[in-house]
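K.L.:
Could you have a look at this structure, given as structure tokens, before my questions?
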Amino acid sequence: MKLILSSQGFTTDEIAQVVQKLVGKLLQNINIAIINEAYVAKPETSCKRWMIKELARIEKYIGGVIDFVNLRAYDKTEIKRRLQNADMMYIVGGKNFILPNLFQETKFDDVLKEFAKEKVIMGTSAGAIVLGKQIQSDAYWQARYNVTNQEIKTKTLGLVDFNIVPHYKREDHKQWDRDFLKRTLSDNSFNVYAVTDEQAVIYENGKISFVGGEVEVFGKEFH
């Protein structure tokens, strides 16, 4: 299984080169299937310029077919057919909690796990979080979303035994700094990686590596 958990996708040439290596094709020959439905719950007052910029970076680096796979528009057979034609799957972020619910409602969670055995999967922000293990710490969930872990009915997929906090050190996320993460994740039993917009965590067949330099790690082991 080959996963890329990032904040905003193709933000650097280094990230693009890692994608090329994992897929095993030149960037100009890679076909990509985009799942972009987590933004729908963002309010109308929330500017979506970030999404346009993120998608534009995909077009900049990827030279093959770029397809959108709408989980609400297509049935399971059509979804599988479209994914089969792609070399990698790209899951865009947006509103947290949307993707776990959507994947379960459409049964896409089973499809994704099946295709994860043969396709590279890249997730950004909430699209990366959904791939990882459900963060356990109630202090974290209460501070950021005013819920407890027990109140979250649909959990993340847990394809790997870690997760990320995206947009680390970004100006509009500075309240979730090192002190916050150290405090709220102190009882989390597995690693949570704080990833800047120029970084990514790579999972390749059981091995973890980082793009953009070493990332900061939080959890019980590091408290």
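The values are calculated or read from the model by the stated rules, or taken from the named source; none is laboratory data. Computed from a predicted structure; not experimentally measured. A quick note on method: Cβ atoms are made from the backbone with ideal geometry, for glycine too, and the neighbour counts reach across all protein chains shown.
K.L.:
Examine the stretch 140-155 for a residue that is assigned to a helix (DSSP H, G or I) and among the hydrophobic types (A, V, I, L, M, F, W, C), and state whether such a residue exists.
P.N.:
First, the residues of the stretch 140-155 that are assigned to a helix (DSSP H, G or I): 140-145, 149-151.
Filter again for among the hydrophobic types (A, V, I, L, M, F, W, C), leaving 141, 143.
Checked against the condition, which is being assigned to a helix (DSSP H, G or I) and among the hydrophobic types (A, V, I, L, M, F, W, C), the stretch 140-155 yields at least one hit.
K.L.:
Quick check on Lys119: is it within 14 Å of the chain's Cα centre (by Cα), closer than 22 Å to Val211 by Cβ and among the basic types (Lys, Arg)? Please lay out each step first, then the result.
P.N.:
Numbers: within 14 Å of the chain's Cα centre (by Cα): no; closer than 22 Å to Val211 by Cβ: yes; among the basic types (Lys, Arg): yes.
Criteria not met by Lys119.
K.L.:
Can you go through Val111, Val65 and tell me which one is closer than 16 Å to Leu27 by Cα and surrounded by fewer than 19 Cβ atoms within 10 Å (Cβ to Cβ)? Before the answer, list the steps.
P.N.:
Working: Val111 fails: closer than 16 Å to Leu27 by Cα.
Being closer than 16 Å to Leu27 by Cα and surrounded by fewer than 19 Cβ atoms within 10 Å (Cβ to Cβ) holds for just one of Val111, Val65, which is Val65.
K.L.:
A follow-up question, please. Among what's in the stretch 16-38 and is among the small types (Gly, Ala, Ser) and either part of a strand (DSSP E or B) or without any contact (Cβ under 8 Å) to a residue 60 or more places away in the chain (or both), pick the residue that is surrounded by the fewest Cβ atoms within 10 Å (Cβ to Cβ).
P.N.:
Keep residues of the stretch 16-38 that are among the small types (Gly, Ala, Ser), which gives 16, 24, 33, 38.
Add one more test, that the residue is either part of a strand (DSSP E or B) or without any contact (Cβ under 8 Å) to a residue 60 or more places away in the chain (or both), and what stays is 16, 24, 33.
On the way: Ala16: 20, Gly24: 10, Ala33: 23.
Out of the qualifying residues, it is Gly24.
K.L.:
Also, quick follow-up: Ala128 - would you say it is surrounded by fewer than 24 Cβ atoms within 10 Å (Cβ to Cβ) and under 25 Å from Asp179 (Cα atoms)? Give the steps one after another, and end with the answer.
P.N.:
Numbers: surrounded by fewer than 24 Cβ atoms within 10 Å (Cβ to Cβ): no; under 25 Å from Asp179 (Cα atoms): yes.
So Ala128 does not fit the description; no.
K.L.:
Right, something else. Could you give me the residue pairs with C-beta distances under 7 Å whose first residue belongs to the stretch 75-101 and is small (Gly, Ala, Ser), whose second residue is crowded, with 18+ Cβ neighbours inside 10 Å and assigned to a strand (DSSP E or B) wherever it lies, and which are 6+ apart or on separate chains?
P.N.:
Hits for this filter: Ala86/Ile32; Ala86/Ala33; Gly93/Thr124.
K.L.:
Only one of Lys76, Lys53, Lys80 is over 20 Å from Val23 (Cα atoms), of a type in the set (Lys, Arg) and either at pLDDT below 85 or surrounded by 13 or more Cβ atoms within 10 Å (Cβ to Cβ) (or both). Can you tell me which?
P.N.:
Values: Lys53 fails: either at pLDDT below 85 or surrounded by 13 or more Cβ atoms within 10 Å (Cβ to Cβ) (or both); Lys80 fails: over 20 Å from Val23 (Cα atoms).
The match here is Lys76.
K.L.:
Go through the stretch 172-223 and report how many residues are crowded, with 19+ Cβ neighbours inside 10 Å, of a type in the set (A, V, I, L, M) and outside any loop (DSSP other than H, G, I, E, B).
P.N.:
7
K.L.:
Of everything in the stretch 211-223 that's closer than 21 Å to Phe180 by Cβ and among the hydrophobic types (A, V, I, L, M, F, W, C), which residue is modelled with the lowest pLDDT?
P.N.:
Phe222
K.L.:
So, in the stretch 132-191, exactly how many residues are closer than 30 Å to Lys117 by Cβ and either among the charged types (D, E, K, R) or without any contact (Cβ under 8 Å) to a residue 12 or more places away in the chain (or both)?
P.N.:
The qualifying residues number 4.
K.L.:
If you go through the stretch 45-63 one residue at a time, do you hit one that is within 20 Å of Val160 (Cβ to Cβ) and touching a residue at least 24 places away in the same chain (Cβ under 8 Å)?
P.N.:
Initial filter on the stretch 45-63 (within 20 Å of Val160 (Cβ to Cβ)): none.
Scanning the stretch 45-63, I find no residue that is within 20 Å of Val160 (Cβ to Cβ) and touching a residue at least 24 places away in the same chain (Cβ under 8 Å), so the answer is no.
K.L.:
I've got another one for you. Limited to the stretch 131-171, what total is found for residues that are buried (at least 17 other Cβ atoms within 10 Å of the Cβ) and closer than 17 Å to Ile4 by Cβ?
P.N.:
14
K.L.:
Next up: Here is a list of conditions, (1) part of a loop (DSSP other than H, G, I, E, B); (2) under 25 Å from Lys76 (Cα atoms), and Leu112 meets all of them except one; can you say which number that is?
P.N.:
(1)
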